[in-house]
1. I'm a student and want to see the number: the projected area of the Cα convex hull of region A:505-568, averaged over all directions, in nm².
2. Ignoring everything except DSSP H segments at least 4 long, calculate the 222 nm mean residue ellipticity for chain A; use -39,500 (n - 2.57) per segment, divide by total residues, nearest 500.
3. Where in region B:208-248 does the label zone of B:N518 land, with the point 7 angstrom along Cα→C-beta and an amide N cut-off under 18 Å?
4. Hey, with R₀ at 45 Å, roughly what FRET efficiency would A:N526 and A:V552 work out to, going by the Cβ-Cβ distance, to 0.05?
5. What is the packing order of peptides A:238-246, A:261-269, A:329-337, taking the mean over residues of other C-beta atoms within 10 Å and listing the highest first?
6. Which log10 I(q)/I(0) values does region B:105-178 give at q = 0.13, 0.26, 0.27 Å⁻¹ under the Debye formula, counting every alpha carbon as one identical point scatterer?
7. Please state, rounded to one decimal and in Å, the Kirkwood hydrodynamic radius that region B:298-420 gives when every pair of distinct Cα atoms enters the mean of 1/r.
8. Just the number: Rg to Rh for the protein assembly as shown, Cα atoms, Kirkwood Rh, two decimals.
Amino acid sequence: MIRYVITLCDGPSCMQKKSKELQEIIEKQLDNLGVRQKVQINLSGCLGMCAKGPVMVINPGYTIYGNISEKDVPEIIESHIVKKKPLAKFIVDQDHLFNRFYRVFGDVNFFGKQMRIVLRNCGIIDPENINDYLSVRGYEALAKVLTDMSPKDIIAEIKKSGLRGRGGAGFPTGFKWELAASEESLEKYIICNADEGDPGAFMDRSTIEGDPHTVIEGMIIGAYAVGAKKGIIYIRAEYPLAIKRLEKAINDARQHKFLGDDILGTKFCFDIEIRLGAGAFVCGEETALIHSIEGSRGMPRPRPPFPSVSGLFDKPTVINNVETLANIPVIILDGAKWFSSIGTEKSKGTKVFALAGKINNTGLVEVPMGTTLRQIIYDIGGGIPNNKKFKAVQTGGPSGGCLPEIYLDTKIDYESLLAAGSIMGSGGMIVIDEDSCMVNIARFFLEFTQNESCGKCTPCREGTKRMFEILTRITQGKGKEGDIEKLERLGNMIKKSSLCGLGQSAPNPVLSTIKNFREEYIEHINYKKCRAGQCQGLFNFEINEKCIGCGVCKKVCPNQAIFASPKSKYQIIQDKCIKCGLCFKVCKFNAINKILKEVNLWKRN
Amino acid sequence: MEKKLVLVHIDDRPYQVEAGQTIMQAADKLGYHIPRLCYHPKISIEGACRVCIVEVEGMKNFVASCAFPIADGMKIRTHTKELRTARRDIVELILDNHPEDCHTCERDGICELQRLAYAMGLRHRHFEGEKKDYEKDLSSTAVIRDPNKCILCGRCVRICSEVQKVNALGHAYRGFKTVVMPAYDMPFKDSVCTTCGQCINVCPTAAFVEKNYTQELFEKLQDKKFVKIAQIAPSVRAAIGEAFGFPPGRAMHLETVACLKRLGFDYVFDTQLTADLTIMEEASEFLERLGGKGKLPMITSCSSAWMKYMEQFCPDLIENISTCKSPMSMMGALLKSYFAQKIKKNPTDILSVAVMCCTAKKYEAARPELEIDSLRAVDIVVTTREIAWMIKSAGIDFVNIKGEQFDEPLGISSGAGAIFGATGGVMEAAIRTAYELYTGETLMDIELNDLRGLSGIKEGKINIDGKEIRVAVAHGLGNASELLSIIRKDPDRFHFIEIMGCPGGCIGGGGQPYAGSNSIPLDEECLRKRAQALYDIDRGKTIRRSHENPDVQKIYKEFLGRPLGALSHKYLHTHYKPKEPRGIIPEEIKAR
Amino acid sequence: MANPLEIIKKKRAEAINSIMSKGYLSKKRVYVGMATCEIAAGSKDVMDVFKSAIANGLTDVYLSQKGCAGRCNLEPTVEVIEEGKIPVKYCKVNKDMAKDIIEYHIKKGEVIKDWIIK
């Protein structure tokens, strides 16, 4: 009967360090000890720990031995397998749950440069099978806190870890818990905010779909720490699979006595309920989220009082983001000391980013805080496709700012992104190349936020609309002198005066593009020129002499703007053209030119 | 207990203020009136308009002073350059999405937004753009909603849900498209709106106004066919002066009568008289119920908004409701029967107009069950505001006019009829009469101070012939619903209950003059003064008990016979039926 | 009574046994990405191909689903782990490719190099 699986790294680096030879020695030693039949030996692809090679992993337990030489092996085998005592001096990060991601074999370029704590099980275990989670030390953190940690210990540990809310604002999680724990109330709530509203961000969905139990375990630990008896996962209804997996996970957890009364044989009782959100962006704001759960319209209210004092049904309430909660079990198991060794001075741990836009490897990446934007975009993201030039990166979803090339070496953490004029947000990262017009991009994001404004406070409701109108005007070539100043004036006022985070950050895309790409605004307004050729009011389609008169363009034109003329067979009536670009796309003879307008107002005068 | 004091700096001046209040509350007491819009002391803090922002040292953003608690060592600035610009821009943003039709607007000159824009020094505009474009909701007989004028301060939503607990209004849609509307955008007439008009009272603009009948009335007053008769509600006289610049608390019924005569009314009668009549009927009905004939506690039925609320939300208590009509409808009924006979006119030739403090009376007047021989008892209802405007519009000098008395035979009233307009008044008046009807002795101590004042639910006890009668009074539908839940739990706790739909009773009705420039809507001090005006009328009368009113006695002798008699039942009583509104029905009622 | 840590250790041992008993130590382990994004890209069809292959007699294969690993542009992904060999991850797999993976890689041990993530 096989009791252990030894996995030897057979990546190029370890191979050089003679991992193959090690296998023979291991086999020999196993024979010597008479335990050969208990152990299975595997070779694996690169485990991504080349610096510590040769590397050997013994399962179960995921004990990783590194820097081992031929003479060490017999000792390790004897100690670990016969004496059942892992040999500490060769163990590399044995306790660190995140190491398990190295099992994502065969894709080391992408994963090797990441550090997966939150996503440690995503893409590895079967999310619908609680046994998979249990096999990777699942619910051990819960057992640990219930066995020998008091709520105060937990809060102290989380505070020590330096974990900050991953929902965007970066409020220290331990402090939040402490506030709620210090409130005297028989009823308290813990809410998991899974109302992921940022377009392009999907780390919460992925976490829940890939590893729902982690979030549940984090919630139970949080509930134990603050004294909540009831938890609510507020998740948007647009995530049916995540909801299904959560429901299954909650049911499985109940059957295993991780939820419900007398959890794991202790007196602690806690249960979780799922509430579905209708997908309003503003419901990610915690007071709006509370209103939504209470059954009211999702509109934020002024704070204070903060939810930790008076939240759901006016009871003390802790609201944590999915990603924050997924960090909790790891911190409990591997310790605050280790966790706080990752990251920068004020931002600890890792952060998941959703890479999107003009980048080769779109997807989810998790990196330690302090990684530079360049590392993410070029090393992990694989750079910009089609050899285009990098223009900007937009972080923090629709409320974030656009950072140009000079910020590429910014080390990502809450403070440095803020200083650069953007925000961490929930971790959206959209890469913009030279083909994109910054004015148009600012307009795009503002269109989203102004549509999603709850409509409560004046600056956000009316102000973003006016900014949007001005931007629309500029992109249509109708920009006026003074428009930039108006945008800045409105934007700064909205930032400082709005009721909630949505309004306070809505002008960011505009203000940051004005700051970093002012010349593009000026070109649009003064020269009626869009250098990226994206703004519909600022270019024309014209048919050139290559036209053979096939008539395809005329057929596709939705506005009958193309007609046959004797001179060049076909012509576009500019007044009727809506710049949809269909003719440009269907023409097989390169007979349609996209001509950028450029008016030099100085010359004309 | 002494409150904890904290030291704060406002605009660099140090002050000791009590802890536990908001920046705005503290500043108000120190003479800093921070500009504001969505804030109203009676309802919850919304923090929506952002006009009241101030700068607090150490805070990244401006804070809304209405919502932010004051703290020790706080350094607050209320009018830095940046703040002034921000506030100005915020008010401009509101104006930019508001129809610029001040000259043709009903609230021109008495509009909070106008005042605010003036105070902010808006002299030119920077950010004009698209404006919202919605249709007016003209469906209701009483309240008109104009979403285009709405600035989304949310006061109406909050007063409707928090003070009145009707929840007829809510925000719908998001962002720029946000609009305040009844559930599912149903027409007002089909919604749960009780037409109390409190939304009109608190609206800073003209997004809510009463349905205006002034033009129709002006036309009919010129029509020779009609005998034109007006009745004036008790609380109109306590407030109408405010519309002409008088301070609150002056009873100006004589001036009003004189003005109405000049507007073309042939007779001006006093609704206080039918208030006395109501008391006769209601007190008799109460004694009958007390004697075992009918359900207790008996609940008053004078308030039209309350009646609609009751039919919609508490049909389980329908048997507890007094069958008496409201004084207005009683007067209307008498005009088209008793008085028509007296002046030998066909009831169809009588134009019955009611000048009311109330918007819901417009709704009541149109109720089919209150018709007299298939004729509406009251043809037109105008509010205090409307009549004040008509007087101004017709060029009648209200301020300097010589007062005139109400006409006979429906002009004499007792003090009991006057106090109908203030919360607790109906109960007080009813007890004065019921006591005597029951015991045969005159109640000497007639001022029941337990039942006066503005606390939400008031309770009182009176000993009638050795029997302890427990009474309760609620004003505002929110307080009413609270009182009703007490009754549902403990049906024997009270014998007699008075409910008025509006805060303060009729004096705080939805048709009363708008708050002036130095006042706020539904200001408690103003309500108290209006009530005092009515109590002063009561005190000034020699007849202070309804049954002593000679006109009432004459009506019974000449026409009705006796209280609760056959003719009384025909003309003065009615019955209510449950209504199922198209809104949301509370679970507790659905379960029944 | 056992403390929570002891309970959880027992549960983990049971869990591992349960996974082992389902053939975890088979010659080949196949993981199909089954998050919303992967399903949208077509991983359900791919999963069905593997399931029906096993139903139709493919042996010594442990098949499991997994969550999203973050490789959005390359989905659906199929990971094949073979004892003693470098594991491979196929990207942008469709039904026909899944059949080929079974035919060539799983049955014959030939890795289809063109389809793996490099």
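1. Answer in nm², one decimal: 6.9.
2. About -10000 deg cm²/dmol.
3. B:241-248
4. 0.75
5. A:329-337, A:238-246, A:261-269
6. Scattering profile of region B:105-178, log10 relative to I(0): -0.54, -1.40, -1.40.
7. Averaging 1/r across every pair of different Cα atoms and inverting gives 16.3 Å.
8. Dividing the radius of gyration by the Kirkwood radius yields 1.07.
Just so you know, all these numbers are worked out from the coordinates, no wet-lab data involved. Computed from a predicted model, the values in this text were never measured in an experiment. Ideal geometry is used to build each Cβ from the backbone, glycine not excepted, and the neighbour counts take in all protein chains shown.
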